[in-house]
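Q: If you scroll down you'll find the structure; I have some questions about it.
The values are calculated or read from the model by the stated rules, or taken from the named source; none is laboratory data. This is a predicted model, so every value here is computed, not measured. Here Cβ is always computed from backbone atoms with ideal geometry, including for glycine, and neighbour counts include all displayed protein chains.
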Amino acid sequence: MQRSQTESLEEAPAAASPATLNMLVLIPILLLMAATYVFYGWDRLVMPVELVEMRKTLNLDQRSAGLMASIFTLGIAVLSIPAGILVARLGLRMALGLSTLVFSGGTLLSGAAKGILALLIGRLATGAGESVFSIAFFMIIVALFPRWRGTAIGGATAIFGLSMFVGPRVVLALQAAGSGDWRFPFRFMGCGGVLAGLLLLFCVPQRLRAEEKTASRPQGWGWLRSRTLPAVYAMAAVNGLCCYAYMSLFQTYARVGQHLTPAEASFAFGCFGIGNILGGVPIGLVLDRTDRLRGVGILSALTGIAAAVLFLWPLHPTSAIVLSLIFGIGIGGIYGNCYALARENAPEARASLAIGILLTVYYLGASSSGYFFVLAMGDDFTANVRGALVMFLVPYLIASAIMLTTRRQT
């Protein structure tokens with residue numbers, strides 16, 4: 001008599017790929033991971049939203065504040081390459097759970113900081129935890145949908161985009177609930193993340209792995225010398241620099257330099273998240289079935305133009321909303337399809353390493369983005385024309401040219 005699917009699952013080997021798991025088991029896991037990814041996004045938002053108040057309390061100058069807003073990405077950059085190894089050694093359950101506890105602990109420490117040193121440690125801890133979480137999360141997404149990688153990653157970025165949209169208002173509401181204390185949202189987000197991390201540790205099956213193992217031996221390193229991957233990594237570095245320059249300091253720029261109200265600035269920022277939602281899946285669907293490399297090159301040029309227009313002229317609440325939305329669409333489309341390109345151009349045995357390198361270059365660009373944004377725009381944000389060209393338009397156009405030229409040479 002044929003065994004039931006449940007019996008087969010119970011007698012499965014100690015490690016199983018996502019594709020072999022019962023969907024009744026897999027769906028709750030994915031929902032829990034999605035909820036954790038929301039806290040992952042909110043942890044990144046709470047400091048940019050509260051940066052004006054934090055500067056006053058901790059006596060930070062504009063450049064130091066900008067650096068603190070984006071420095072957590074240095075932790076991601078430093079650990080992203082070994083993160084693939086950690087995920088393989090720890091297993092998906094341990095990697096997801098422990099990394100969530102680490103980045104949530106960093107958020108709690110950031111909210112409790114009395115000076116710049118504690119704040120720096122908290123931000124770096126947040127980045128360190130997020131590096132491992134990102135590798136584990138995206139490896140399972142890619143493994144689940146091998147023929148629709150761009151679309152699947154676009155769906156994940158849509159979750160992130162939704163957290164970006166609602167996040168600023170959630171942070172402001174939490175601050176109001178905490179009697180105006182900017183530290184209260186940090187405590188709430190950190191505690192929520194700790195709870196999610198514990199649930200991941202105890203609810204995700206121990207045998208779940210990110211990818212199927214293959215019998216073949218790992219290939220050498222020649223794949224890194226291909227023309228395509230360096231072009232993809234250059235594109236990722238530019239996208240990380242420009243995305244996190246916006247995420248870290250747009251609200252401060254809009255409030256201090258353009259005199260928008262906190263509500264207007266946070267709503268425009270939220271529309272950037274909606275752009276991620278609108279751009280991720282549709283662009284992924286198109287590029288999954290067309291020329292992904294050329295498509296990302298064209299999208300890079302359009303994204304650079306949209307970002308430059310956003311910062312070139314004085315902001316009105318309506319223009320801030322529309323241009324942030326368009327910029328978010330471009331960012332989301334590039335982000336997901338860079339992941340897909342990295343996976344497609346690396347041997348299966350090196351897939352996690354290829355994505356780890358992608359995250360490293362992406363977050364190396366992101367880690368200094370706040371500092372360079374202030375450097376380009378000026379301490380008082382009056383050099384916005386120079387900043388729009390140097391910080392956004394030129395880098396995206398260079399990356400676009402590299403991607404399109406690489407395609408013509410192959």
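Q: Quick one: how many residues across region 129-155 are modelled with pLDDT of 85 or more and over 19 Å from P185 (Cβ atoms)?
A: Number of matching residues: 2.
Q: Scan region 172-192 for residues that are surrounded by 15 or more Cβ atoms within 10 Å (Cβ to Cβ) and under 25 Å from G97 (Cβ atoms) and jot them down.
A: Selection gives L174, P185, F186, R187, F188, M189, G190, G192.
Q: Those residues that are modelled with pLDDT of 85 or more and small (G, A, S), I need them from region 205-250; list them, please.
A: Those that are modelled with pLDDT of 85 or more and small (G, A, S): A231, A234, A236, A237, G240, A245.
Q: Still on this structure: Answer yes or no: is there a residue in region 355-364 that is in contact with a Leu (Cβ under 7 Å, 6 or more places away or on another chain) and of a type in the set (A, V, I, L, M).
A: No - not one qualifying residue is present in region 355-364.
Q: What single numbered condition from (1) in a helix (DSSP H, G or I); (2) closer than 21 Å to V171 by Cβ; (3) of a type in the set (A, V, I, L, M, F, W, C) fails to hold for L60?
A: (1)
Q: Under the condition of being among the hydrophobic types (A, V, I, L, M, F, W, C) and either in contact with an Asp or Glu (Cβ under 7 Å, 6 or more places away or on another chain) or under 17 Å from L172 (Cα atoms) (or both), which residue from region 255-271 is surrounded by the fewest Cβ atoms within 10 Å (Cβ to Cβ)?
A: Checking each candidate, the answer is A263.
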